[in-house]
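Remarks on the structure that follows.
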Amino acid sequence: MDFGHVRVVIDYSSGRVRCLIPAVPGPSTAPRASWGSTEHPAGLTIPRAGRSPMAAAALAVVLAVNAAGRKATAMRRLTATLRTVTSRAVLPATLQQAEHAVLAVRRAAWFSPARTACLEESAAAVLLLAVRRRSVVWCHGVAPDPVRLHAWVQTVDGTPVAEPLSTLLHTPVLTIGDTRA
């Protein structure tokens, strides 16, 4: 992804991310920096979504996929898993169904002893919906200045699910699960 002042290269086979800065940077206006802590208070309060053993199971599956095998191939395993489960989802999830899944996973993640950030939470939400044969689109994107990566879920019509407005600043680099494709 080339933003002019920086080129972000994401290798989904190895999970490696590199930022390349051009030798002669052109004139640009940097957007206001955002560190995310005030706009998305994830991890600061327990989500009020209902308890869901299925959400905890979906999160456990994602954590197991990430932990199985070499760390260098974790992203490849995760994207392969998402492609497999989304290929079996036949009905588009409504915004309400998708929000319920995302919030249930966030609640389960609150109690997880392992790292659970946007990547794990969004993948687990996709799995949770796919078990119910509901489809959403998993997105992985990048925003410039400061360069930051983010993973999120959106409905098939493109609506981000349970995300702050700053998610719109991210350019999707990889999307998985659009049943219309």
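Computed from the coordinates by the stated procedures, all read-outs in this text should not be read as laboratory data. These numbers were taken from a predicted model, which means no experiment stands behind them. FYI the Cβ positions are ideal-geometry reconstructions off the backbone, even for glycines, and counts take in every protein chain you see.
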**Q.** Residues with amide H under 5 Å from that of LEU174, placed H, sequence gap 5 or more
**A.** HIS140
**Q.** Total charge dipole magnitude, the stretch 50-176, about the Cα centre, Cβ charges on Lys, Arg, Asp, Glu only, Debye to nearest 20
**A.** 540
Q: State the answer as a single residue: which of ALA104, PRO146, ALA89 lies farthest towards the positive end of the charge dipole of the stretch 50-176, with beta carbon charges of +1 for Lys and Arg and -1 for Asp and Glu, about the Cα centre.
A: ALA89
**Q.** Separation in nanometres of the label points that stand 7 Å from Cα toward Cβ, at CYS19 and LEU168
**A.** 2.4
Q.
Taking the Cα centroid of the stretch 141-181 and of the stretch 79-114, what is the distance between the two, rounded to the nearest whole Å?
A. 14
Q | Using θ = phi - 60° and Karplus 6.51 cos²θ - 1.76 cosθ + 1.60, couplings along the stretch 129-135 (whole Hz; Gly, Pro as x) | A | 6, 5, 4, 8, 6, 9, 10
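If I take R0 = 22 Å and measure r between the Cβ atoms of SER112 and ASP11 in this structure, what FRET efficiency does the formula 1/(1 + (r/R0)^6) give, to the nearest 0.05?
Details: r = 27 Å, r/R0 = 1.22.
It comes out at approximately 0.25.
Calculated FRET efficiency, ALA67 and MET1, Cβ-Cβ r, R0 35 Å, to nearest 0.05?
Details: r = 28 Å, r/R0 = 0.81.
Once rounded, the FRET efficiency stands at 0.80.
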Q. Hey, what do the phi angles of the stretch 164-169 turn into as Karplus ³J(HN,Hα) couplings, whole Hz, using 6.51/-1.76/1.60 and θ = phi - 60°, x for Gly and Pro?
A. x, 4, 4, 4, 5, 6
Q) When only C-alpha pairs under 8 Å and at least 6 residues apart count, what is the relative contact order of the stretch 50-176, in percent? A) 28
